[in-house]
Amino acid sequence: MIFKQIESGGDRNYAYLIACKKTGKAAIIDPSPDAEKVLAAISDVNKKLAGIDIDIEYVINTHSHYDHSSGNSYFKNISGSSNVRFINCTEIKEKDRMQIKDSQPISAGEIMLEIISTPGHTPDSICIRTGNKLITGDTLFVGKIGGTYSIEDSKKEFESLKKIKKLPPETEIWPGHNYGVRPHSTIADELAGNPFIARLSDFDSFLWLKQNWASYKIEHGIK
């Protein structure tokens with residue numbers, strides 16, 4: 001498997017390339033805000049492959065916010081991508097958007113990707129799991145979590161994070177922004193060092209931390 005984390009501009013955004021080494025079939029995740037940086041990364045991978053070109057089969061958005069979805073049209077219009085299928089949420093209007101269900105697997109060549117519904121940050125947030133890697137968008141960052149806009153959203157996020165917490169501890173966490181102390185993490189590391197994950201047995205404590213995060217960071221020296 002080819003797996004590449006791509007710095008894609010904006011507010012320390014990450015895009016991702018997942019591709020099958022044997023067939024070149026690939027998925028691009030969150031190709032924004034600077035889609036040209038994503039295309040440049042794909043070109044770089046093509047130069048290193050022997051006789052196989054990356055063939056973008058899917059463009060996947062972890063959620064509908066502009067900084068994760070605005071690159072869709074770029075990949076729809078570039079040469080050779082007329083058969084791209086878009087996997088995203090109902091709030092993004094794409095002609096070729098695929099309807100998906102929670103935990104639905106899709107294939108890119110010999111690679112399987114599992115689409116996991118994780119509402120909270122937005123109603124349509126998803127994570128993408130492939131092998132031992134989980135791309136979490138704005139649901140889970142390294143040492144932090146995505147923002148919410150209401151108590152009801154926080155409850156949904158609480159349940160989504162509980163779902164992620166149950167994955168094997170060696171599962172790698174690959175977030176949608178470089179907001180933590182390093183670009184990626186593991187479930188085990190988040191269990192040990194993410195104060196939000198430590199509060200997943202008690203919603204009131206979880207909500208208190210969300211509502212007091214600014215002062216908590218100062219008190220505990222968190223950047």
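The values are calculated or read from the model by the stated rules, or taken from the named source; none is laboratory data. Quantities reported herein were computed from a predicted structural model and do not represent experimental measurements. With ideal geometry, Cβ positions are generated from the backbone for all residues, glycine too; neighbour counts draw on all protein chains shown. For accessibility, only protein heavy atoms count, side chains too; no ligands or nucleic acids. Shrake-Rupley method; radii C 1.70, N 1.55, O 1.52, S 1.80 Å.
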Q | Selection from region 179-223 of residues that are small (Gly, Ala, Ser) and in contact with a helix residue (DSSP H, G or I) (Cβ under 7 Å, 6 or more places away or on another chain) | A | 205
Q: Assess whether residue 63 counts as being part of a loop (DSSP other than H, G, I, E, B) and surrounded by 19 or more Cβ atoms within 10 Å (Cβ to Cβ).
A: yes
Q.
Just the residues that are open to solvent by 10 Å² or more (accessible area, probe 1.4 Å) and either among the polar types (S, T, N, Q) or in a strand (DSSP E or B) (or both), please, taken from region 15-34.
A. 23, 25
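For every residue, the table says whether it meets (1) modelled with pLDDT under 80; (2) more than 14 Å from residue 29 (Cβ to Cβ); (3) among the polar types (S, T, N, Q); (4) open to solvent by 10 Å² or more (accessible area, probe 1.4 Å).
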position: 80; (1), (2), (3), (4): yes, yes, no, yes
position: 83; (1), (2), (3), (4): yes, yes, yes, yes
position: 95; (1), (2), (3), (4): yes, yes, no, yes
position: 111; (1), (2), (3), (4): no, no, no, yes
position: 116; (1), (2), (3), (4): no, no, no, yes
position: 119; (1), (2), (3), (4): no, yes, no, yes
**Q.** Whichever residue in region 12-66 is farther than 17 Å from residue 84 by Cα and in contact with a Leu (Cβ under 7 Å, 6 or more places away or on another chain) and, among such residues, is modelled with the lowest pLDDT
**A.** 45
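So which strands (runs of 3 or more DSSP E) stay within region 123-217 end to end and still have 2 or more residues that are in contact (Cβ under 8 Å) with a residue 60 or more places away in the chain, open to solvent by less than 10 Å² (accessible area, probe 1.4 Å) and not hydroxyl-bearing (Ser, Thr, Tyr)?
Values: elements: 126-130, 133-137, 172-175.
So the answer is 126-130, 133-137.
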